[in-house]
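Chemist: What follows is a single structure, and I will ask about it in a moment.
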Amino acid sequence: MPQRSVVEAPNPLREGIRIKNSPEPCVMVIFGATGDLTHRKLLPALYNLALEHPLPAGFSVVAFARRPYSTEEYRQQALESINQYSRQKPVNPQVWENFAAGIHYLQADFNDPKGYEKLNNLLNLLDQERGTGGNRIFYLSTPPSQYPEIIQRLGAAGLNRSRKGWTRIIVEKPFGHDLGSAKELNRQVGKVFKEDQVYRIDHYLGKETVQNILVFRLANGIFEPVWNRRYIDHVQITVAENIGLEGRSGYFEEAGAIRDMVQNHVMQLLSLVAMEPPITFDANSVRDEKVKVLHALQPLVGQDVVTNIIRAQYGPGWLSTGQQVIGYRQEPGVSPHSTTETYLALKVFIDSWRWAGVPFYLRTGKHLPKRVTEIAIQFKQAPLMLFKRSEAYGQVEPNVLTLRIQPDEGISLKFGAKVPGTEMQIRSVNMDFFYGSSGFREQPEAYERLLLDCMLGDSTLFTRRDEVEAAWTFIQGILDSWKNEPPETIQTYESGSWGPQAADEFIWRDGRRWRRP
Ligand code: BG6
């Protein structure tokens with residue numbers, strides 16, 4: 001028989017970010033360009049975009065900051081950061097040279113009108129020299145206290161609109177400190193920019209596996225029919241970190257886990273898991289459905305805050321890396337009497353036809369045993385009468401579908417299988433899908449995707465004005481209740497453990513237990 005030659009089928013999943021349209025040439029102005037975020041995330045993301053999906057010819061960066069650097073010095077620092085933090089290493093000299101030619105440093109104070117005049121001139125010059133066509137993105141990467149000043153000055157200098165081309169603004173988190181300040185910031189942004197020019201970042205939405213939540217749910221016929229209160233017992237969302245403050249004690253003392261992680265990242269994951277299918281995949285349809293989930297959240301106020309939330313702070317301990325660490329209150333820059341939480345567990349309910357009565361257990365914390373983000377959907381038990389008289393009865397565990405967001409991105413389904421042999425014994429086994437070993441290319445960083453989407457004018461993966469306010473409305477109820485709570489109620493957990501004992505008891509009371517991811 002003639003041998004058939006084996007032709008490897010092309011694997012579309014290896015192709016990475018696919019862009020329907022290339023972005024138009026544009027300039028990105030980064031306010032706070034000497035800061036940590038710019039060096040660790042933004043510059044490496046832009047470089048990777050240049051490397052893998054050619055940025056539009058002429059793409060330029062204006063680094064706007066107060067420190068006295070020359071463009072040459074700044075380019076050198078940018079190169080060092082990219083060498084250190086880029087996903088793709090070593091730096092390709094040819095790509096770097098082209099990319100660096102588009103970087104300009106502009107030294108100015110954020111409150112100095114002359115700085116904005118200089119910016120205007122530079123942008124006009126770049127339009128002429130690099131063909132950027134009046135297309136601008138302003139990226140606010142400064143401490144949030146500077147946002148109102150910069151926004152107002154951009155407006156006063158007429159930079160909120162260009163005569164030709166488009167203008168967009170990206171606002172980094174945290175977006176407000178509470179509901180009042182978030183609304184105020186929205187008002188200030190809204191006075192200067194139209195909502196379709198505003199891109200509020202939550203970098204979790206740029207993660208490929210977060211976007212896959214919707215694909216998994218809605219592109220497959222078998223999951224959506226069981227995605228509701230009839231079949232699901234409860235949902236657990238875990239965003240665990242093994243790191244601590246990373247030198248950000250000043251910010252974290254004010255924020256705590258509730259503002260740092262829950263108001264944004266955890267709420268986004270919850271919305272994507274719980275939302276109804278949107279009518280199309282455009283920015284507003286998707287965000288309309290997410291907002292409905294946030295509006296349907298049962299408010300946690302008064303006594304519910306005490307029974308449905310556990311807040312805790314890490315004490316001293318050992319991390320899984322073998323490193324001995326001090327407790328939160330001993331950290332430099334943290335008050336020895338601080339009541340800021342580094343761990344939070346919440347039980348929330350969504351008052352909707354689909355989810356009525358299904359608890360969503362959410363938890364996040366620092367100095368936990370490992371970095372892991374996952375969503376676990378636990379299904380109701382099957383009727384087990386069949387096994388009642390056999391040893392297997394006590395061995396049957398509920399089915400759990402786990403969406404692993406990071407690391408080891410993938411999906412796993414736990415189910416019971418018969419142990420081979422003459423006796424009826426059942427053991428739980430997993431059916432696993434790993435992105436890493438499935439022929440996918442390395443996943444792009446969240447910021448790569450988000451910056452590209454902004455250049456393309458697609459705001460689906462950014463937070464809309466009403467969405468951010470809806471999330472804050474829920475969080476504000478909790479913050480108000482905490483104001484009346486005596487500070488002693490904060491628990492402590494050993495660094496390197498899975499959180500305080502109270503968090504285990506809190507879920508045991510419901511006859512359930514936390515997963516150990
Ligand atoms: C940031 C928080 O938004 O997210 C940090 O401010 C946190 O405290 C980080 O460490 C976690 O992001 P990632 O992508 O590492 O899960």
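Chemist: Under 27 Å from the Cα of Lys388, which lysines turn up, not counting those fewer than eight places away in the same chain?
Modeler: Lys380, Lys414, Lys418
Chemist: Sorted by mean Cβ packing within 10 Å, highest first, what order do the peptides 464-472, 283-291 take? Present the calculation step by step, with values, prior to reporting the outcome.
Modeler: On the way: 464-472: 22.6, 283-291: 18.9.
Packing proxy ranking, top to bottom: 464-472, 283-291.
Chemist: Find the all-direction average of the projected area of the Cα convex hull for the chain, expressing the result in square nanometres with one decimal place.
Modeler: Working: hull surface 122.8 nm².
Seen from a random direction, the Cα hull of the chain projects 30.7 nm² on average.
Chemist: In percent, how large is the relative contact order of segment 335-377, given Cα pairs closer than 8 Å and 6 or more residues apart?
Modeler: Computed value for segment 335-377: 34 percent relative contact order.
Chemist: R0 = 30 Å: FRET efficiency of Phe415 with Ile243, Cβ-based, nearest 0.05?
Modeler: 0.30
Chemist: Using only the alpha carbons of segment 277-389, what is the convex hull's orientation-averaged projected area in square nanometres?
Modeler: Details: hull surface 54.2 nm².
Spelled out: convex hull of the Cα atoms, projected over all directions, averaged, 13.6 nm².
Chemist: Kirkwood Rh over Cα pairs of segment 442-483 into Stokes-Einstein at 25 °C, 0.890 mPa s: D in µm²/s?
Modeler: Values: Rh = 12.6 Å.
Reported coefficient: 195 µm²/s.
Chemist: Can you run phi through the Karplus equation (6.51, -1.76, 1.60; θ = phi - 60°) for segment 490-504 and list ³J(HN,Hα) in whole Hz, with x for Gly and Pro?
Modeler: After applying 6.51 cos²θ - 1.76 cosθ + 1.60, I find 6, 8, 10, 10, 6, 4, x, 9, 8, x, x, 4, 4, 6, 5 Hz.
Chemist: Continuing with this model, one more query. Listed highest first by mean packing, meaning other Cβ atoms within 10 Å per residue, what order do 107-113, 398-404, 81-87, 221-227 come in?
Modeler: Values: 107-113: 14.3, 398-404: 19.9, 81-87: 16.7, 221-227: 11.4.
Listed from highest to lowest mean packing, they are 398-404, 81-87, 107-113, 221-227.
Chemist: Something else about it: Between Asn98 and Ala157, with labels modelled 7 Å along Cα→Cβ, what's the label distance in nm to one decimal, could you check?
Modeler: For Asn98 paired with Ala157, the spin-label model returns 2.9 nm.
Chemist: While we're here: Please state the charge dipole magnitude for segment 326-399, taken about the Cα centre, from unit charges on C-beta atoms (+1 on K and R, -1 on D and E), reported in debye and rounded to the nearest 20. Working shown, then result.
Modeler: Values: 10 positive and 6 negative charges, 22 e Å.
Here segment 326-399 has a charge dipole of around 100 debye.
Chemist: Could I ask something else about it? Whole-Hz Karplus ³J(HN,Hα) for segment 219-234, in order, using 6.51 cos²θ - 1.76 cosθ + 1.60 and θ = phi - 60°, x for Gly and Pro?
Modeler: Listing the rounded values in order: 9, 10, x, 8, 8, 4, x, 9, 8, 6, 4, 6, 10, 9, 7, 6 Hz.
Chemist: Let me ask something else. Extension gain Thr473-Asp408, at 0.36 nm per residue separation less the Cα-Cα distance, in nm? Display every interim value, and only then the final one.
Modeler: Numbers: separation 65, 0.36 × 65 = 23.40 nm, distance 3.37 nm.
Here the answer is 20.0 nm.
Chemist: Between Lys292 and Ser145, what is the label-to-label distance in nm when each label sits 7 Å out along the Cα-to-Cβ direction?
Modeler: The two pseudo-label positions are separated by 4.2 nm.
Chemist: Efficiency by 1/(1 + (r/R0)^6): what FRET value for Arg354 and His53, r their Cβ-Cβ distance, R0 = 45 Å, to the nearest 0.05?
Modeler: Working: r = 38 Å, r/R0 = 0.83.
So, using R0 = 45 Å, E works out to roughly 0.75.
Chemist: Check Cys26: other-chain or 5+ apart residues with amide H under 5 Å from its amide H, H built from backbone geometry?
Modeler: The answer is Phe59, Ser60.
Chemist: Based only on Cα atoms, what Rg/Rh ratio does segment 175-228 have, Rh being taken as Kirkwood's radius? Before the final figure, lay out the partial values.
Modeler: Working: Rg = 17.0 Å, Rh = 14.1 Å.
Checking Rg against Rh, the ratio lands at 1.20.
Chemist: Further question: At what distance in nm do the modelled label points of Gln188 and Asp510 sit from each other, each positioned 7 Å from its Cα along Cα→Cβ?
Modeler: About 3.8 nm, to one decimal.
Chemist: Follow-up. Using only the Cα atoms, what convex hull volume per residue in Å³ does segment 97-142 have? Walk me through the numbers before you get to the answer.
Modeler: Numbers: hull volume 4.2 nm³, N = 46.
Cα convex hull per residue, to the nearest whole number: 91 Å³.
Chemist: Between Phe433 and Val306, how high is the FRET efficiency from 1/(1 + (r/R0)^6) when r is the Cβ-Cβ distance and R₀ = 41 Å? Nearest 0.05.
Modeler: Numbers: r = 40 Å, r/R0 = 0.98.
For Phe433 and Val306, the calculated efficiency is 0.55.
Chemist: Still on this structure, please answer the following. In whole Å, largest first, what are the principal axis extents of the Cα atoms in segment 405-517?
Modeler: Extents along the principal axes, in whole Å: 61, 49, 27.
Chemist: Once fully extended, how much extra length lies between Glu276 and Phe223, figured as 0.36 nm per residue of separation less the alpha-carbon to alpha-carbon distance? List each step's numbers first, then the result.
Modeler: Details: separation 53, 0.36 × 53 = 19.08 nm, distance 1.32 nm.
Stretched fully, the Glu276-Phe223 segment lengthens by 17.8 nm.
Chemist: Scan around Leu106 for amide H atoms under 5 Å from its own, H built in the peptide plane at 1.01 Å from N, and keep only partners 5 or more places away or cross-chain.
Modeler: Ala63, Phe64, Ala65
None of the figures in this text is laboratory data; all of them are computed from the coordinates on show. This is a predicted model, so every value here is computed, not measured. Ideal geometry is used to build each Cβ from the backbone, glycine not excepted, and the neighbour counts take in all protein chains shown.
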